[in-house]
Each structure stands twice: as C-alpha cells, then as structure tokens.
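Peer 1: One structure follows; several queries about it will come next.
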Number of protein chains: 2
Amino acid sequence: MAQAPIRFGIMGCAEIARKVSRAITLAPNATLAAVASRSAEKAEKFASANNFPLNAKIYGSYESLLDDPDIDAVYVPLPTSLHLKWAVLAAQKKKHVLLEKPVALNVAEFDKIVEACEANGVQLMDGTMWIHHPRTAKMREFVNDVERFGSLKSVHACFSFAAADDFLKNDIRVKPDLDAHGALGDAGWYGIRAILWAADYEMPKAVTALREPVLNDAGVILSCGASLCWEDGKVATFYCSFLSNLTTDITAIGTKGTLHLHDFIIPFKENEATFRTSTKVGFNELVTGWIPLPSEHIVTTDLPQEARMVMEFAGLVGNIKANGARPEKKWPTISRKTQLILDAVKASIKKGFEPIGIAN
Amino acid sequence: MAQAPIRFGIMGCAEIARKVSRAITLAPNATLAAVASRSAEKAEKFASANNFPLNAKIYGSYESLLDDPDIDAVYVPLPTSLHLKWAVLAAQKKKHVLLEKPVALNVAEFDKIVEACEANGVQLMDGTMWIHHPRTAKMREFVNDVERFGSLKSVHACFSFAAADDFLKNDIRVKPDLDAHGALGDAGWYGIRAILWAADYEMPKAVTALREPVLNDAGVILSCGASLCWEDGKVATFYCSFLSNLTTDITAIGTKGTLHLHDFIIPFKENEATFRTSTKVGFNELVTGWIPLPSEHIVTTDLPQEARMVMEFAGLVGNIKANGARPEKKWPTISRKTQLILDAVKASIKKGFEPIGIAN
C-alpha cells in the first residue's frame, strides 16, 4: 500500500508560503493539513486563498499547530530572527522542519536548531528550491565530469533585484530586528549556495567581503559582495543587491569547461529550463570565431522545483516515519555551510574587509 | 577623389599580426605597405603567408621600416617591454601608431608614448578590437538608456583561457622581461576595459586585488582578479586567467536593466554577434517564472571588428593627413585609463591586497 502523504502545517502567512503551499499540493507525497498565524482570521483567509483541503485546520497561534498530533511536518517562513525559537519548538514537538532561508541569525543559532532536530529525530531542510530542479542534477553531471569540465577554477554568482520603495522602507528584510541579514541573507544566500554547489560543498579557506557594501540607515545590508578562496587555488565572487534589476547568474569555469545560466534561482519558465556549457573551446586559427560553439541544454520538468523540494523532504520524512530511518544529514550540513559563509561575509565587513578564515 | 588608403607597416611577425594584417587588407581605407622583423627572411615569409601586395616592402629591421617615407602608420605587436622604445621612435618618425595591448609596462611609460605622439601630431590607438564591433555601439545605446537600463550598479567581466603547457613555459606572456603583466595584461586588460566601457569610462575611486592570485616561478601572474568601486556606490569585479577554459563574459546590471554577453572579446561568429538584455524584469505573481523574458539582440557586420578598428584608425589618420586635423584624444585616453587600473591591480597585489586609490 502506498504510504499516506506527509501532513504539513504552514507556520505563518508570508508571501513565499503561498508558493510553498502550492508546492505541497502538487507534491504527490505531501498534503496541506493546517495553517497557523498569530490571527486565526488571517490563517483562514490564507487557507481559502491557497486551495487548502476543506478539512485543513486553522490555528490562531503557532503553538497550537505544533500541539496538533496530526501534523507530521512544518514549513517555517517566519522572519529569520524567529527561526531559533520556532524551529527548536517544532523539533521538540516531533515535527519535521522545512525552514525558510536564511536559516538563522548565525551559525551558533543554527547549531541549536540542528541539535534540537537531531535530539528529536526529525528531518531538517532549508527552503532553497533550485537545488531540487532536475536541471541542477544535469549541471552537477557536467561540473563533476573530468573530461567535459575538468577541475573547478572560478565561480561567479549574482542575485539582485530592484526592490520597490515600499519594500525598502517596510519589508522585514530591511529591518534589523527581523531579517537582520538584509540583501546578504535574502539574495546573497543564493550566491553563496551557488558557489558551494559548484565547489561540491568543499569549504573555502577564507572569505573577504568586497568594499563599499550599501547599508540602510539601520545598518542593514542592501547590497554587497565577497570573494572566496580555497586551498587548491580556486576562487569565487558573488554580488547581491536589492538595488538593481533582477539578475540571477552562475558562471562556473573549470580547467576544461564552462557553465553559464541566467535563471538559476527561478527558471525563466516553470516547465523547462536551460543552461549553457562549453568544453575545451578555443578561438579558430585566425582568432575570428570560436571552435566549437557552446551548447545549450534544455531540461524539462513535470513538477516545479519547489514541488520537487517538498517531495524530497516528504520522502525523507516518510522514510523516518515508516522505517525508523535516521534523518538525512546532507541537508542541514549544506544549510550550515551556507550560513557559515554568510556569517563570515558579515564578519569581514565588520572588520574592515579583512579576510575571515574558515576552519575546516 | 577618394583619399589614398593609409599605408601600414607591420613591426614584428607575432601571431596577432596575421589577424591585423588581414584586417588591414579588408579595411577599405588601409593597405599593407611593409613588414619588418629582426630577420628579413622571417618578414618575407610573413608577407607571402599573409597576402601582402607584391609591392609591399620587406625590412630586416624596425628602424629601416620607420625610415621609409612611404609608410603612414605602423602596427606594433611587439612584446610590451619594447613598446616604449618603438612607439616613441615611430612617433618621432611621424608614423601614426596602432599599438597592441597592454600598451606599456606602466602608466609612466605610456605617458611618454602619448607625449611623443602628441609632440609629433600622430594618432595613437590601442589594439582592443571589440570596442569597434557594431554590437558594442548597440550595447552602448542600451547601457546609456535611462529607461531600459537606468544607472549602472554592478559589472562583472571575465576573460580566461586554458593555455597549453608550451605557452605556460615559453610564451612571451609568461616572461617577466617581455610581457611582464602576464594574464593581467593579456586577459585582464579586456576585463578592465569592459568595466570601464560599462561605466562610460568614469574612473573608480579605488581598486582592490582579490586574494590568491596565481603566479609562476618567475612571479608573472597566471590568474587574478580585482574589485573596483566608485564614488556613487557602483561596484565591479573581474577575473582573468591562463588556467581555465575559454570564457569571455560581461554582465552589467543597472537599476532597471541587465546586459549579458559571453563572447565580448571575439564574437562566436565573425559576421553576426548577439547580446541579451532585460528591462524591469520581475518574477510572476507566484514566483514561478519571469516577466518579461530577456531579449536577444543580433547585430550583423559586413566587416569583422578588427577591420573596423583599422578603418576607424585609418580614418583618423586620413583626416590628419588630408585636413591637418588634430589626433583624436579619446583613444589614448581610454588606453591610459585601462593601464592605470592595471597598474593599480598590480600595486594592490604587491601591498597585500590593500585598496589602491585612483586620483581623479
């Protein structure tokens, strides 16, 4: 008999929760079971606007959702400053935790979340969706291919978007007491993750923030960048910003190959995504053209990346529930690495752009 | 009556001189009049292999070419360390100078070349070809468009190629006494120029080399990067390398638009070139796709970019010859700016990656 779908509770009615609620609906092994907000009315509205099943429960507090024994897992899109409290409490209530990024205010906080999840045998995964797109698996094949890509030498990643005036004044992502990391947490998180992904999660030896980050009056980062370097000589840079046109790029260059894509976070289209590669390219003899030309690869997907994320997470939860499996450590491990680099960028800015060593 | 074509002398038989000789042949206002090498035999061979007219002169020394009154202009592809001597002597002999990049060992040397050219009323231009492609003019329209691009916030540029073992051992570009700038001069020159181009040649306030450049045993740069920042908060990074797969990118991000291209130095194909732009793009309401999608622009050209460079240069020379016009200062000015940033990157590496202020 097929396993019963994993029952999700949504903790908070953030914008992004709409997309993840749809993803839970789309994922074959997951179902929307409840939504909680600090106001039951708001939760009710959210449920009806987002196609929750009629039997889904509506809660006027996060605690009451966590006390519901018919909830297997929670999705936590709350402001970063609330992650520690609610993710730990969720774990203690034996709920598996799908946690929005950035995962915590710093690695020390995140470690407490990991500890709580481990102690209670629940799965922890962050909400970085693009990692779950089948395109990403295809790109991984390319980047890991000794013949087509060789060894990684350099990565550049970028995520910027032009936030509206209202966002720059009122969004939680520009408030020091809510999402204190600003553009670094919201946008830079993706650039850092892209770099780590390209490096197959090998940690750099040092991280140096680039000069002239832009901060708002409250000291929250609106735009910044950093460079990373590894023991073996590879290097990376990223740029993140709330102040410029939407751009989401990865360029990874190996000894033999290059990977390019311009829509790594959200593919241009939902059902198919492309990336471009070249291998051992050179100029022709008179240096008037390239041989061979780069190739474009198209990857189609039946389910959008966020539904695949939910499916992956629910699959792990199902395996724990049905077979007493141990939670998969891969996911909190890459969340932690991403957070560690994020912390280092902030530390480097604070220390006047000195390099911050990363312990191994 | 149409003006007689400008008569070019080629000083040295470098690989790149083959391409520029062809460009001179293609340009309607230029002609190959002579070639000089330290060996007349080598010059003779070069002339016959590169379709020189039968009446072209063959010289066994650079001096004798410079003494020929029937030569209007010289193309100088000699190693960087020889530019000062030969460009100055060419100017003194009233020859207009098309000078390969990097233009000099440092700005002080380049200033002597500029001085000699000004004193003798001859045109000076460096050999950066992509600036002359009609695509570049189209991209300039986009980047200068307040509605489509807004104001520039960030640029990333990259030029890397995987040099063969023989190049890494024997090429003049890895020899401290010949092309002492290594990958920074050969490849980084383009990244710096791309950044300056995107910034409409406004100089940054500071340049900071990125950590962990790769040097060879003789101390010549094989791979490095830098970050630049401007008074108004815009930032840029570039990466250059002899050690990774051929990659030539510009990403310029404005408040309202983004420009992408992956073949800025040499277009993938000779007769048409593309670039991609987006303006005021955003995610759709559920954040599952982009609105609108980026656009691809195709620019065709009857003459390759290097022939357009020659045509531009020969046009200026013709105007000086026929009408007593003053040499166009724009070209040496942007060469100097590029060299100044290049010098700053080297200085920053030398000073342990401290930022180097750029005087305005």
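The values are calculated or read from the model by the stated rules, or taken from the named source; none is laboratory data. Source: prediction; values computed, not measured. FYI the Cβ positions are ideal-geometry reconstructions off the backbone, even for glycines, and counts take in every protein chain you see. The protein model used for the area step is the full one, side chains on, heavy atoms only, and it has no ligands, DNA or RNA in it. Shrake-Rupley method; radii C 1.70, N 1.55, O 1.52, S 1.80 Å.
Peer 1: Restricting attention to the range A:132-142, does a residue exist that is assigned to a strand (DSSP E or B) and out of contact with any Pro (no Cβ under 6 Å at 6 or more places or on another chain)?
Peer 2: Checking the range A:132-142: not a single residue is assigned to a strand (DSSP E or B) and out of contact with any Pro (no Cβ under 6 Å at 6 or more places or on another chain).
Peer 1: A further question on this structure: Which of the numbered conditions does residue B:290 fail, given that it passes all the others? Conditions: (1) surrounded by fewer than 19 Cβ atoms within 10 Å (Cβ to Cβ); (2) at pLDDT 95 or above; (3) more than 30 Å from residue B:27 (Cβ to Cβ).
Peer 2: (1)
Peer 1: Please count how many residues of the range B:74-106 are crowded, with 23+ Cβ neighbours inside 10 Å and free of Cβ contacts under 8 Å to residues at least 24 places away in the same chain.
Peer 2: Result for the range B:74-106: 0.
Peer 1: Among (1) assigned by the TED database to the domain that holds residue B:72; (2) more than 19 Å from the chain's Cα centre (by Cα); (3) buried (at least 23 other Cβ atoms within 10 Å of the Cβ), there is one condition residue B:120 misses while meeting the rest; what is its number?
Peer 2: (3)
Peer 1: Please determine, by comparing only the residues of the range B:27-68 that are in a helix (DSSP H, G or I) and open to solvent by less than 70 Å² (accessible area, probe 1.4 Å), which one is nearest to residue B:92 (Cα to Cα).
Peer 2: Only one residue tops the list, namely B:66.
Peer 1: Right, something else. Cβ contacts < 7 Å: first residue farther than 18 Å from residue A:164 by Cβ and modelled with pLDDT under 95, restricted to the range A:204-225; second residue outside any loop (DSSP other than H, G, I, E, B) and among the basic types (Lys, Arg), any location; separation 6+ or different chain. Result?
Peer 2: none
Peer 1: Kindly indicate whether any position in the range B:146-166 is over 20 Å from the mean Cα position of the chain (by Cα), more than 10 Å from chain A (Cβ to nearest Cβ) and of a type in the set (Val, Ile, Thr).
Peer 2: Looking for residues that are over 20 Å from the mean Cα position of the chain (by Cα), more than 10 Å from chain A (Cβ to nearest Cβ) and of a type in the set (Val, Ile, Thr), one finds at least one in the range B:146-166, hence yes.
Peer 1: Right, something else. Could you tell me whether residue A:150 is small (Gly, Ala, Ser), surrounded by 19 or more Cβ atoms within 10 Å (Cβ to Cβ) and assigned to a loop (DSSP other than H, G, I, E, B)?
Peer 2: yes
Peer 1: Quick one: in the range A:293-324, of everything that is hydrophobic (A, V, I, L, M, F, W, C) and touching a strand residue (DSSP E or B) at 6+ places or on another chain (Cβ under 6 Å), which residue is most open to solvent (accessible area, probe 1.4 Å)?
Peer 2: Checked the range A:293-324; the qualifying residue most open to solvent (accessible area, probe 1.4 Å) is A:298.
Peer 1: Another question about this same structure. Looking only at the range B:229-241, which residues are over 19 Å from the mean Cα position of the chain (by Cα), in a strand (DSSP E or B) and either buried (at least 24 other Cβ atoms within 10 Å of the Cβ) or more than 7 Å from every other protein chain (Cβ to nearest Cβ) (or both)?
Peer 2: Across the range B:229-241, the qualifying residue is only B:235.
Peer 1: Shifting gears a bit: Does residue B:219 satisfy the criteria of being more than 22 Å from the chain's Cα centre (by Cα), surrounded by 23 or more Cβ atoms within 10 Å (Cβ to Cβ) and farther than 28 Å from residue A:257 by Cβ?
Peer 2: The answer is no for residue B:219.
Peer 1: Looking at A:24, A:6, A:16, A:71, which is the one that is at negative phi, modelled with pLDDT under 95 and open to solvent by less than 60 Å² (accessible area, probe 1.4 Å)?
Peer 2: A:16 is the lone residue from the list that is at negative phi, modelled with pLDDT under 95 and open to solvent by less than 60 Å² (accessible area, probe 1.4 Å).
Peer 1: What single numbered condition from (1) more than 19 Å from the chain's Cα centre (by Cα); (2) within 23 Å of residue A:173 (Cα to Cα); (3) of a type in the set (S, T, N, Q) fails to hold for residue A:128?
Peer 2: All conditions pass for residue A:128, except number (1).
Peer 1: When the residues of the range B:242-254 are narrowed to those that are facing chain A (nearest Cβ under 7 Å), closer than 30 Å to residue B:169 by Cβ and touching a Leu at 6+ places or on another chain (Cβ under 8 Å), which ends up surrounded by the fewest Cβ atoms within 10 Å (Cβ to Cβ)?
Peer 2: Only one residue tops the list, namely B:243.
Peer 1: Could you tell me which numbered condition residue B:183 fails, if it satisfies all but one of (1) open to solvent by 10 Å² or more (accessible area, probe 1.4 Å); (2) under 17 Å from the mean Cα position of the chain (by Cα); (3) not charged (D, E, K, R)?
Peer 2: If we test residue B:183 against (1) open to solvent by 10 Å² or more (accessible area, probe 1.4 Å); (2) under 17 Å from the mean Cα position of the chain (by Cα); (3) not charged (D, E, K, R), just (1) comes out false.
Peer 1: A further question on this structure: For the range A:133-140, check the following and say yes or no: at least one residue is charged (D, E, K, R) and open to solvent by less than 30 Å² (accessible area, probe 1.4 Å).
Peer 2: There is at least one residue in the range A:133-140 that is charged (D, E, K, R) and open to solvent by less than 30 Å² (accessible area, probe 1.4 Å).
Peer 1: Which of the strands (runs of 3 or more DSSP E) found entirely inside the range A:255-355 contain at least 1 residues meeting this: away from chain B (no Cβ under 14 Å) and not aliphatic (A, V, I, L, M)?
Peer 2: It comes to A:295-300.
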